[in-house]
Structures are given as structure tokens and as C-alpha cells.
Amino acid sequence: MKMIKKTTAVLASIAAVVAMTACSSDSSSGGGGGGSSALEIGGFIKSFEGGGGASFGGMFGTNLSRYQLLYTPAEISGSGNMANLGFQLNSDLVADVSCPNVTIKMGHTSIASLTSTYDSNVETGSGSRMEVATDLNLTIPAGSSGDYFNVPLDVSFHYNGVDNLVVEIVRSAACDASVSVKGTPAAYNASVFNTSSDVAATGTASAAQIHMKAIFEGGVDKLEKSGTSNNFWPFTSQSAHTQNLYTVADINGSGPITGLAFQMNQPSTEQTFTVSVKLGHTTLTDLTGTFADNSSDLKAVATDINFTVPAGLVAGDWFWVPLNGSFNYNGTDNLLVDIEVPVGTGDIDLRYTSSANLVRAAANVGDLTTADLGGTEYHVKFRFNGATTDVITDGANSTGFVFPATGGTSRQALYRSTELGTAGMISKVSCRMQSATSTLTEYPNYLVTMGHTTLAQLTSTFADNFDDATVVYDGNFTVPAGLVQGDWIEIPVTPFAYDGKRNLVVQFAGDGGGTGHSCMLSSADSTRYPVQVIGTSDRTSLTATVTNDSKFDTRLWLAP
């Protein structure tokens, strides 16, 4: 097996599920990339598999082959740096099998089903196809039916959690035996294959999904189940304290947790809360009514933070609870989430699933020994350290103010703490490109300014929107050639210390470069995004001439 030296150890609980080496991050603009920090990198595993089993023998067989596999965000249920892949044996494998010359490419796609033409399935407006492993000499170890075997990647792929994912596996040499992998019939074309050629332009489209497992090095682990019930505790005006238990089997990972998000079950009205959050390990499977008995190592990750859940969130949306600390989850015990909200202006309806276990304890703040117990299991996201912080919209509109062709422009964008969720040092900012392709273009006198704000929407006066305007980039900036629509134009900046509590304002100002590059902007929605973006075609002006009830797609390299 070709073994890839990685920069960070995949933690013990992950290695116990799929044998592998540790993982690396790649920082290319075309789809890969992640963040790094003084903290170790967290990791988790997500399995994409249906309930049935069918045999597929051509992907790792005795003929040459070219396969593409399609997976949806709902199936993946996470985002971040995919560092290794795994496939499931459909039958016992009595001896190791050698498969040389395996090349893997990955990419986001906007299509819902694969076509028989390989190149029609990628680079559809959601970003570049990226080669993540080249000519692997893969050894598939002997194992039992249902076991997963590991396929290491040379570089990780940053999956954004929003678009569909295409995984392309090409074998230009035969395996020394055929290995049957497991899959499930799907309601859409989830694979396209050619089992006689590695260079074929077309294959056979199939309504079948090959089971796959991805090992994430940093990213967002989404614990979203089938329930659509709602409960507003602890985000209420009633002085609430809750503890919720999440099992190690559901999390399936370990390392520093730096973010926590909840899912809306009903449209939101604007409500403000004072919140304290602690995380801790527990060996319990049912909570007790005494808070102190449910975990012995609770650690504060947010203390008396004031934050606002904005109006306009719809059912299924998520909001991040601003954290300014992290918790190192061991991946062995269950995880306890402890939240106190002594002050709130109203109710926020959270989505939950009913559990057979006593996974929630709830009481008023100060009542520590007589909590009500039940099976309310809130849908949550945990952010593990090591990947970027992304704000991605429908991208239905675009703005040319960030990288204009002619003249000087300024563009200012607001990002709420509930969209970011993590305090730390921002070392890079990027916009998601709406233009079809990029050309090598230099933008002179380019200026990026960041700052905090307590405003919920921008005013027309640029300077009034900052609490502490800080110039983080000043000089010429070059957009590289070769990016495609959906890729990210990355701007390295002087690290900016984001406090995680207040909202963030990012301002771009530049002179025309002769060729413009548009960035993605959401559909206009005055309820969800009231005056979140302003701009002017005169970079020296202090007053906006353009306002947008839209959200500007961005990616932040934010290291706690």
C-alpha cells in the first residue's frame, strides 16, 4: 500500500474504526484547503450508505475501470477536509489484493444525477475537479463482509457541505483479483462506470450508490436525525438550564471542538440571549436529575456571552452559539453539552428527535438537583478544529464590486456571530467566484479592512459600521488564472483577532484590473438578510450608493 505521510495524527477513536495514517490539509484555491492553528486537528468519520446491499466488482477488479460516484449533502451530513476514503467489502476477502495505479479526483457539482458522460458531471458551476491521489499502489487487506478498507489520499479535499459531491476513481492497471464492494440501489443515478477502460469518455449510468466512508480532518459534524419536533428550551425568556447527551457512536470522532450550532424548527423572530456553555465527557447513557452527577470534567467554552438569533431563519436553518473556547473531546466517552440561559427575550424553536434514552435534563437556572428528564435530542453541529469557516448561499446573484474591471470600488459585507460561531485569528478571506473562469489579473492598490460591530445591519456610512476598523491587506492583489465558477479567490491577510461574540464586517476596496471577476451573492431577501452588503463605485467615498438585502459568500481561515 502506498502510505502517505501526514501532518496530524488521526485520533485513536477514528483509527479504531478504519486503520489509517494521519491526515494532511491542502490550501489550493480550487476546492481543497483547510485551516491550522496551535490546537491539534480534530477529526470524525461519516458513512454514506443505504440500508440494502448489492455487489459491485468492477471498481477494484481485474479489468481497467473508470467510476464516478455521487453523494448528496444529506447523505454526507458534514463538511470539512476529507482526508481519506473507505469502501465496504460485500463478501469475505481471504487474502490481500493489490490494485496498482489508482487515481482519485473529487469535485462539487450542481447536478442531481450523474449522466453517462464523465466530464458533464463535474465543473458545473460549483468548483473545480481536484486530483487528490495519483497512481496509488493500493493494497486491500483481507477482511470480512461489511468491513471497510482504507484508500489514502495524497491531499485532502475540502467538502463544503452544501453541494453534491462527485468522487472519480480511475484504475489504469488491473488488480490481481476482483474485490466486491457493497452498494445500495438509489432513487437517482448515483454512479457511472466503465469496467474496460480508464480513459473512456462515457460509461453506464446506474441508479446505485456505492457505500463509502470519509475521514474528515477538521470540519463540521452534523448530527441531524429524522425528527421534526420543536422545543424552545433553553433559548427562552424563562431562565433555562439544559444538559444534553450525545453518544460516541453518533459523533464518531475526537479532538478539539470549537463550535456548536442548533437547527431551527420554526421561522425565527429576533431574540437576544445571555448564554454560558460547557462541554464535558460522560459515561452515562441516561442522565440524572442532578446536573453535577452527569459529568465530572465540564469545561467552559463560553461564559455570559450576549448574542442575537436574527429574524428570518427558516425551518431547517442553523445558528451557531458564539464560543470563545474549545473542548478536547476524547472520542471514547459520550459528550455532554451544558447550556445556561439566565436572560432571554423570547423563544427560539429548536428541532429535535425523540430518543428512547434520557438524553436531556432541563431546569431553571439555579435548580441543580431536580431537573426534568426526557428524550429530547436536539439536532446539532459540532465544529472540529482544522477546517475553514464558510458562509455559502444559493449564489443566485453576483457582485463585481470586489474585483472590478474598471474604476475604483468598495464593498462592505456583514457576517453575524451566529453564522461564524468561533473566535480566533482570521488569516485568510475569500469570495466564491461567480465568473465562469479566471484570468491572471492584477488589481492595484487593493485594501481589505476587518472589524467588529454590534450592528444587525449596515448603515450607508462605511466608517460607522466598524467598532475597530483594521486594515489587514494593503497592496496589489493578483487573481490567478485557471479558477472556475464555484472556486474561491483567496486573499491572505494580516491575522485579525475575531472575538466570536460580535458580528464581523469585511470591507474590500480596489482599483480596476482590466478584467473583472464576479463573486457570488445570495438572492435578495429583506427578512433574512436586511442590508448585509453595501457598496460604492467610488472607493474614496464614505457613503454607500448600493445596498443589498443579500449575503455575500465567503470563506474564512479562522484558527482558534
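Read-outs throughout are calculated quantities, based only on the coordinates presented, and are distinct from any laboratory measurement. Given the structure is predicted, the values throughout are model-derived calculations rather than measurements. Backbone-built Cβ (ideal geometry, glycine too); neighbour counts: all protein chains shown.
Ordering 461, 166, 386 by Cα displacement along the dipole of the chain toward the positive end leaves 166 in first place; charges were set at the Cβ atoms of Lys, Arg (+1) and Asp, Glu (-1).
The phi-based Karplus calculation (6.51 cos²θ - 1.76 cosθ + 1.60; θ = phi - 60°) puts the 3J(HN,Hα) values of the range 383-398 at 9, 9, 4, x, 10, 7, 9, 10, 10, 10, 10, 6, x, 6, 10, 8 Hz, whole numbers, x for Gly and Pro. For residue 172, the residues whose modelled amide H falls within less than 5 Å of its own, excluding neighbours fewer than 5 places apart on the same chain, are 103.
With helices as the sole contributors, the chain gives -500 deg cm²/dmol at 222 nm; each DSSP H run of n ≥ 4 counts as -39500 (n - 2.57), and the sum is divided by every residue. Using a cut-off of 13 Å between beta-carbons, work out the net charge of the residues near residue 296 (Lys and Arg +1, Asp and Glu -1, residue 296 not included). Local net charge: -2. In this calculation the C-beta distance from residue 178 to residue 200 is compared with R0 = 30 Å, giving a FRET efficiency of 0.95.
In a shell of Cβ-Cβ distance under 15 Å around residue 375, excluding residue 375 itself, what net charge do Lys and Arg (+1) and Asp and Glu (-1) give?
Surrounding charge for residue 375 is -1.
Amide H contacts of residue 422 (H built 1.01 Å from N, in plane; Pro and chain starts excluded): 323 sit under 5 Å, all sequence-distant by 5 or more or on other chains.
For a modelled paramagnetic label at residue 225, 7 Å from Cα along Cα-to-Cβ, the residues of the range 260-286 in reach, with backbone nitrogen under 15 Å, are 263, 285-286. Using a simple spin-label model with pseudo-atoms 7 Å out from Cα toward Cβ, residue 147 and residue 162 lie 4.1 nm apart. How large is the charge dipole for the range 333-418, taken about the Cα centre, if only the Cβ atoms of Lys, Arg (+1) and Asp, Glu (-1) carry charge, to the nearest 20 debye? For this selection, approximately 480 debye.
Which peptide among 457-469, 107-119 comes first, and what is the full order, when sorted by highest mean count of other Cβ atoms within 10 Å?
107-119, 457-469
Residues whose amide H falls under 5 Å from that of residue 518, counting only those 5 or more places apart or on a different chain, are 434, 435, with hydrogens built in the peptide plane. Applying the Karplus relation 6.51 cos²θ - 1.76 cosθ + 1.60 with θ = phi - 60° to the range 546-560 yields 3J(HN,Hα) values of 10, 10, 10, 8, 9, 10, 9, 4, 8, 10, 10, 8, 10, 10, x Hz, where x marks Gly and Pro. From the coordinates of this entry, Rg and Dmax of the Cα atoms in Å is computed, and it appears in (1) 26.1, 80; (2) 25.5, 97; (3) 24.0, 72 under the label (3). The HN-Hα couplings worked out from phi for the range 209-223 by the Karplus form 6.51 cos²θ - 1.76 cosθ + 1.60 (θ = phi - 60°) are 10, 7, 5, 9, 10, 10, 9, 8, 9, x, x, 10, 9, 9, 9 Hz, whole numbers, x standing for Gly and Pro. Rounded to the nearest 20, the Cβ-based charge dipole of the chain about its Cα centre (Lys and Arg +1, Asp and Glu -1) stands at 520 debye. Return, ordered by residue number, the residues of the range 178-213 whose backbone nitrogen is under 17 Å from a label point located 7 Å along Cα→Cβ of residue 91. 178-184, by backbone N distance to the label point. Dipole of the range 174-312 computed with +1 at Lys/Arg Cβ and -1 at Asp/Glu Cβ about the Cα centre; of 283, 196, 271, farthest Cα towards the positive end is 196.
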